[in-house]
1. Can you list residues from other chains, or at least 5 along the same chain, whose modelled amide H is less than 5 Å from the amide H of L179?
2. What's the exposure ranking of L90, L229, L107, going from fewest to most Cβ atoms within 10 Å?
3. Considering only DSSP beta bridges with both partners in segment 10-126, what is the antiparallel share in %, to the nearest 5?
4. Applying the Karplus parametrisation 6.51 cos²θ - 1.76 cosθ + 1.60 with θ = phi - 60° to the phi angles of segment 180-194, what ³J(HN,Hα) value in whole Hz is obtained for each residue in order, glycine and proline being reported as x?
5. Kindly write out, for segment 139-147 in residue order, the coupling ³J(HN,Hα) from the Karplus curve 6.51 cos²θ - 1.76 cosθ + 1.60 (θ = phi - 60°), rounded to whole Hz, with x marking Gly and Pro.
Amino acid sequence: MEFSPPYKPQTTESKRFTFTPVNLKLVNDMIKQGEPFKLNNELIEIIEIVCRITNYQETHNIIKFEFEDNNNCIQGIVYTKGDLTRPKALSDYTYIENGYVHIIGALRKLGDEVKCIVQSISNVNTYDQVHYHYVKVLWCYLVRNGILHTPSQAADNVMADLSSRFNNAGSSQNDYSNLNEDQAEVVRAIKENSKEYIGLDRNRIESLVKRKIKNLDEVLSDLVRYGFLFIGDDNLTYYVS
């Protein structure tokens, strides 16, 4: 699957907006800090999220969503005209309970609660898209915290480079060259015995590895932290990133 750069700055006459890839943990952190919403003292205008949708309610002039990501939640809103006209924000979206969605929106305080005003929502159909969003969130975190420096590159060029690296990773013969033997064996077992959307639980992985691994739970935890594995929302099922 090929990926395009994850976001391109949207320009108006008076202001330049960029989509900031975040997860709902970062969103909740911003909400706790209060307005104006910032990450590392950087003002965040428009956010990009990939998460699950756990509830959908449509009324006369408003559509409400409940979004969830690893036990972090936020409510999303799309305002409608009160007629049968489908909102432009939903033009690429079909509601699927507990399905993954890609969202572009803005945080706004409405009364005593902060909600996400959804500007665009679309269905996410593969775990590759979920993984790729996590990579974008990590990349932006590293740049935002000064761990990676890209002073001479525009944001879209930086992310295009990331996209290229991500696409090439799947075809590399040395994807797991930096892993130790136990880690590489766990990744191999999951990769060879799971299918897209169908991962493996811890006990199944233990039965499939070809060598005795003393600290399997620690190995799995490290692989998730390093980004080689993705753990499902049930916190039990593992997938190869």
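1. none
2. Ascending Cβ contact count within 10 Å gives the list L90, L107, L229.
3. Once the DSSP bridges in segment 10-126 are tallied, antiparallel ones form about 85 percent.
4. Karplus values, whole Hz, x for Gly and Pro: 7, 4, 5, 5, 5, 5, 5, 4, 4, 4, 5, 5, 7, 10, 10.
5. Karplus values, whole Hz, x for Gly and Pro: 4, 5, 4, 5, 5, 5, 9, x, 7.
No lab work stands behind these numbers, since they all come straight from the coordinates. None of the values given here were measured: they were computed from a predicted structure. Positions of Cβ are generated from backbone atoms using ideal geometry, with glycine treated the same way; all protein chains shown enter the neighbour counts.
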